[in-house]
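Asker: My questions will all concern the structure given below.
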Amino acid sequence: MEALSAADLQLVLDEIAQAMREAPDRGTQACYIPELARVAPDQFGIALCLADGQIVQAGDATTAFSIQSISKVFTLAIALGRLGDQLWARVGREPSGAAFNSIVSLEHDKGIPRNPFVNAGAIAVTDAILQGLQPREVLADLLRFLRMAAEDDDIHINKAVAASELANAHRNLALAEFMAAHGNLRNPSALTLGTYCHQCAVEMSCVQLARAGRFLAGLPGAPRLVSPARIRRINALMLTCGHYDASGDFAYRVGLPGKSGVGGGILAIAPGRASIAVWSPGLNAQGNSKLGSEAMERLARATGWSVFG
Ligand code: DON
C-alpha cells in the first residue's frame, strides 16, 4: 500500500471520528470505579504520532482521560530497566485467556501471574519497583518517565480517581493477598495497591499518549528510554496480552501491539510508522473500549498498517 501523507491520514481520522460520533451503541463505562462511571460516554478522540514527528488528530483528542491499565506498559518498561530479566521470576509472559481481574489462574500457577498486563501481574510489577522506594518516589519516577516520553510536563495523577478505585479495591486486594500467600508480594498489600491505584489514575489525552508511545514505535525523534531489544519484547507482550481475553481478536482485527485501559483508552504501536492513541469511555464485554477497538480496526484497514506484513 502507498504511504499515506499526513493530509490523507487526517481525512481517515475525520471519517472515523464522524462514524464514532454517530455510533448508536457506545458500550458502558467501568462501573466498579465510581469516578469513571461518571465520565460522559459521548466522547471520542484519536491521535497519531508519525515518523516525521507530525501529529494527526480528530475528535476529543486533547481531553485528558484516566489511562488505567495503559500505565502497565510504562511500569513494565521501568521494572525491566530496574530489575532486568529477574522480573520474570515473579510474573509470566503468557496470555491468560481470562478477564483482566481474574483470580482463576493464580491458584493453578502458585501465585505467579500469567503476564504483566492482567491486574495480578501489574500489581506484582508495581510491588517489584517499590522495592527499596517509597510509593511517592515510584509515582514520581512514573510521572518523570511519562513526561519525558511525551515531552510534556502537563501529565498528572487524578487523586479522586485513585481514591475511588482504592475504596472499591476488594478484588485487587484479594489478588495481592493471594500472591502474598505464595511469597510473591514483598510489600504490605495496602502499600502496593495504593501505589498501583495511583499509577492507574494517571490522566493523559490521546495526543499526550500517542507522543508517549513514540519510543515503543521506534520513531526517529522519540526520546531513547528503552533499548530496541526491550522495545520488541514489550510490543510482543502488548500483542499477545494487551487486551486480555480479547488479545487474539485485537491481533486478528487490528494486527498491531496494543494496550487498553478501563478508562476507555487504547495505545497501539505501528513499529517504525506511528504511535496511535484512541479514547472513548464505553467498554465492551472484555473491559476494552468499544468504540476505541472499532476505531483501531477501521484505521488498520484504511492504512494497511500491521506487524504481519
Ligand atoms: O485494577 C483495575 O481494575 C484498574 N485500575 C485497571 C484495569 C484496566 O484498566 C483493565 N483494562 N482494560
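Rule-based calculations on the coordinates, nothing more; no lab input. Every value quoted in this text rests on a predicted model; they were computed, and no experiment measured them. Glycine also receives a Cβ, built like all others from the backbone with ideal geometry; neighbour counts cover every protein chain displayed.
Asker: Report the residue, chosen from ALA229, ALA160, ALA212, that carries the largest GNM mean-square fluctuation when the chain is represented by alpha-carbon nodes joined by springs under 10 Å.
Answerer: Judging by the Gaussian network model, the answer is ALA229.
Asker: Considering the chain as a Gaussian network with a 10 Å cut-off on Cα pairs, which listed residue, ASP109, ASP14, ASP141, attains the greatest mean-square fluctuation?
Answerer: Judging by the Gaussian network model, the answer is ASP109.
Asker: A further question follows. Given Cα pairs under 8 Å that are at least 6 residues apart, what percent is the relative contact order of the stretch 161-288?
Answerer: On the way: 150 pairs, mean separation 26.7, N = 128.
The normalised contact order for the stretch 161-288 reaches 21 percent.
Asker: For the Cα atoms of the chain, what angle does the longest principal axis make with the long axis of helix 119-130, in degrees from 0 to 90, nearest 10?
Answerer: The angle comes out at about 70 degrees.
Asker: Compute the helix-to-body angle for 290-303: its Cα long axis versus the longest principal axis of the chain, expressed 0 to 90° and rounded to tens.
Answerer: 50 degrees
Asker: Moving on to the next point. Is the shape of the stretch 29-119 rounded, prolate or oblate, going by the alpha carbon gyration tensor and its root eigenvalues a ≥ b ≥ c, with a/c under 1.5 for rounded and a/b larger than b/c for prolate? Each step should come with its number before you reach the end.
Answerer: Details: a/c = 2.91, a/b = 1.45, b/c = 2.00.
It is oblate, given that a/c is not under 1.5 and a/b is not larger than b/c.
Asker: Let me ask something else about it. Mind checking the angle between helix 71-83 and the chain's longest principal axis? C-alpha axes, 0 to 90 degrees, to the nearest 10.
Answerer: 60 degrees
Asker: When only C-alpha pairs under 8 Å and at least 6 residues apart count, what is the relative contact order of the chain, in percent? Intermediate values should be presented prior to the final figure.
Answerer: On the way: 648 pairs, mean separation 83.4, N = 309.
RCO, the chain: 27 percent.
Asker: Sticking with this structure for a sec: Assuming a ≥ b ≥ c are the square roots of the Cα gyration tensor eigenvalues, decide whether the stretch 14-77 counts as rounded (a/c under 1.5), prolate (otherwise, with a/b larger than b/c) or oblate.
Answerer: Details: a/c = 2.53, a/b = 1.10, b/c = 2.30.
Oblate is the answer for the stretch 14-77, as a/c is 1.5 or above yet b/c matches or exceeds a/b.
Asker: Here is a further query. Answer rounded, prolate or oblate for the stretch 146-193, using the Cα gyration tensor with square roots of eigenvalues a ≥ b ≥ c: rounded when a/c is under 1.5, else prolate when a/b is larger than b/c, else oblate. Mind showing how you got there, number by number?
Answerer: Details: a/c = 3.94, a/b = 1.83, b/c = 2.15.
Judged from the Cα gyration tensor, the stretch 146-193 comes out oblate (a/c at least 1.5, b/c at or above a/b).
Asker: Could you give the dipole magnitude of the stretch 177-279 about its Cα centre, charging the beta-carbon of Lys and Arg +1 and that of Asp and Glu -1, in debye to the nearest 20? Write out the running numbers ahead of the final one.
Answerer: Details: 10 positive and 4 negative charges, 112 e Å.
Here the size comes out at about 540 debye.
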